[in-house]
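Report on the structure given below.
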Amino acid sequence: MITLHIEKTFDFISKDSVAAYEAKAKAAREALENGTGKGNDFLGWLHLPSSITTDFLADINNTAKVLREHCDYVVVAGIGGSYLGARAIIEALSNSFSWLKEEKKDPVIIYAGHNIGEDYLFELTEFLKGKKFGVINISKSGTTTETALAFRLLKKQCEDQRGKEVAKKVIVAITDAKKGAARITADKEGYKSFIIPDNVGGRFSVLTPVGLLPIAVAGFDIVQFVAGATAMEKACGVDVPFAKNPAAIYAAVRNELYKNGKKIEILVNYNPKLHYISEWWKQLYGESEGKEHKGIFPAAVDFSTDLHSMGQWIQDGERTIFETVISVEHTHNKLTVPSDSENLDGLNFLAGKRVDEVNKMAELGTQIAHIDGGVPNIRLTMETINEYNLGELLYFFEVGCGISGYVLGVNPFDQPGVEAYKKNMFALLNKPGFEEESKAIQARLK
Ligand code: PA5
């Protein structure tokens with residue numbers, strides 16, 4: 001279960017000022033429900049959890065089973081919303097060292113198509129030589145350069161190494177129902193494929209096959225993941241009063257902090273497994289709210305690691321930040337600090353204590369220090385890291401983002417700003433159809 005705590009923001013904003021968001025947050029939540037707000041053709045994610053059927057999950061699990069049976073490595077090719085959700089969940093649930101173990105019970109998931117690093121792709125293709133690998137090619141548009149380029153390399157290598165017949169079994173496409181190169185290829189080659197619904201944008205797609213298939217291939221329980229999201233869908237429903245709706249409260253608090261000059265929100269974890277949850281969250285909020293020259297800048301740190309680097313800025317730099325801490329209550333494992341008769345490191349004061357107790361005191365000490373230093377603190381407590389709670393967490397952030405974006409007054413479901421670099425890149429690479437842009441950009445470079 002996920003619980004939101006906002007009391008540690010009240011030194012900076014008043015309870016009343018948060019309560020004053022009731023009407024705006026309610027209107028925003030109703031606009032999501034009724035499809036009357038901006039970007040209303042992209043609201044398919046809102047009731048996704050409760051609309052997922054057992055048959056649909058069984059289809060995904062059956063496809064995952066084929067990949068698990070035939071592959072030691074599965075490359076997830078995708079970028080942005082087409083890979084971050086899967087990676088966030090898989091890394092949160094995985095043993096930190098499972099990929100280094102010789103005996104592996106699950107295929108290792110590798111990511112590609114999210115960069116254009118020649119060394120990265122060279123090293124990946126070298127690594128995969130002689131390996132039993134498969135590919136999940138994820139692209140809603142089916143034309144994203146980073147992903148398409150990686151897939152071109154991986155498809156050829158898979159076919160060359162494993163033969164066309166096996167390649168057909170171990171390559172799966174997740175893309176649009178009709179449009180795009182990924183769909184054309186999947187249909188022509190006869191790949192198993194899943195559809196990304198038209199009305200679900202990339203960064204809201206973790207509960208579609210985009211997230212669910214890689215998570216299932218990695219060996220995790222997608223039924224529980226969807227169940228957690230469904231519980232949160234109910235908890236943040238349109239009929240839930242403002243004061244009881246965690247997503248509406250989160251949206252209200254962050255908008256009020258923003259209004260009071262807190263322009264940067266830092267998502268904090270004290271568990272390295274949550275690093276990619278932050279990467280997913282940064283995309284969700286950055287791409288949804290950063291427009292019309294408005295929007296909180298979403299940043300993230302892993303504590304206590306980054307207390308030894310970014311900690312200085314957070315404690316003492318410009319006072320334009322607030323923190324949202326994901327606090328995990330219970331670890332899965334127990335490790336106690338041993339006593340040492342010589343005590344050369346002076347750590348015997350910790351002997352007999354759990355490592356997590358030390359971590360928790362680092363967390364509490366940091367919270368107090370940061371509040372003293374002028375950093376408002378929102379906390380999200382999670383009982384433990386499991387599929388159910390992660391489903392709750394991700395859906396909470398999605399609906400919080402929809403409400404928050406509407407309260408801010410932007411369209412949270414488009415991303416016009418990400419096209420600018422693509423246009424220039426295509427012009428510079430002389431892509432057919434960009435002749436005019438090519439001429440214009442070349443003239444600027446003279
Ligand atoms: O959230 C988004 O819309 C983006 O991050 C996209 O998911 C990303 O650009 C990849 O696009 P596509 O799935 O079309 O390859």
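Rounded to whole Å and ordered largest first, report the semi-axes of the equivalent ellipsoid of the chain derived from its Cα gyration tensor (root of 5λ).
For the chain, the semi-axes come out at 36, 29, 23 Å.
Which value, to two decimals, describes the C-alpha radius of gyration of the range 325-434 once divided by 2.2 N^0.38 Å?
Scaled against compact globular proteins, the figure is 1.79.
Any chance you could run the full-extension gain for Ala369 through Phe297? It's 0.36 nm times the residue separation minus the Cα-Cα distance, nm to one decimal.
This chain segment gains 23.7 nm when fully extended.
Find how many whole Å separate the alpha carbon centroid of the range 130-170 from the alpha carbon centroid of the range 1-42.
Going from one Cα centre to the other spans 42 Å.
Per the Kirkwood formula on distinct C-alpha pairs, the Rh of the range 241-331 is how many angstrom?
Over the range 241-331, the inverse of the mean reciprocal pair distance is 14.1 Å.
Counting only DSSP beta bridges with both residues in the chain, tell me the antiparallel percent, nearest 5.
15
Find the relative contact order for the chain and round it to a whole percent, using C-alpha pairs within less than 8 Å whose residues are 6+ positions apart.
24
Per residue of the chain, what 222 nm ellipticity follows from adding -39500 (n - 2.57) for every DSSP H run with n ≥ 4, rounded to the nearest 500?
Taken over the chain, the calculation gives -15000 deg cm²/dmol.
Assigning unit charges at the beta carbon (Lys, Arg +1; Asp, Glu -1) and nothing else, what dipole magnitude in debye, to the nearest 20, does the range 1-83 show about its Cα centre?
Dipole magnitude for the range 1-83 comes out near 160 debye.
Can you tell me how much longer the chain between Asn343 and Gln161 gets when fully stretched, taken as 0.36 nm per residue apart minus their C-alpha distance, in nm with one decimal?
So the chain would gain 59.9 nm between Asn343 and Gln161.
Which value, in Å³ per residue, describes the convex hull spanned by the Cα atoms of the range 48-222?
Once divided by residue count, the hull of the range 48-222 is 109 Å³.
Please give the FRET efficiency for Phe97 paired with Glu22, using the beta carbon to beta carbon distance and R0 = 51 Å, rounded to the nearest 0.05.
Result of the calculation: an efficiency of 0.60.
Rounding to the nearest 20 debye, state how big the charge dipole of the chain is about its Cα centre with +1 on each Lys and Arg Cβ and -1 on each Asp and Glu Cβ.
It works out to roughly 1260 debye.
Restricting things to alpha carbons, tell me how big the range 53-111 is in terms of Rg and Dmax, in Å.
Cα-based Rg and Dmax for the range 53-111 come out at 12.6, 37 Å.
Distance from the Cα centre of the range 52-107 to that of the range 187-238, in angstrom?
What the calculation gives is 12 Å, centre to centre.
If the reach is capped at under 15 angstrom between alpha carbons, list the aspartates and glutamates near Lys192, excluding any in the same chain fewer than eight residues apart.
Asp59, Glu165, Asp176
Counting other C-beta atoms within 10 Å, which of Trp99, Trp45 has the fewest, and how do the rest follow?
Trp99, Trp45
State the extension gain, in nm to one decimal, for the chain segment bounded by His308 and Met425, taking 0.36 nm per residue of separation less the distance between their alpha-carbons.
Full extension of this stretch gives 38.4 nm more.
Can you grab the distance from the C-alpha centre of the range 283-315 to the C-alpha centre of the range 396-446, Å, no decimals?
First find each Cα centre; the distance between them is then 21 Å.
Laboratory data are not the source of any read-out in this text; all were calculated from the coordinates shown. What you see is a predicted model; the values in this text were computed from it and never measured. Note that we place each Cβ from the backbone using ideal geometry, even for glycine, and neighbour counts take in every protein chain shown.
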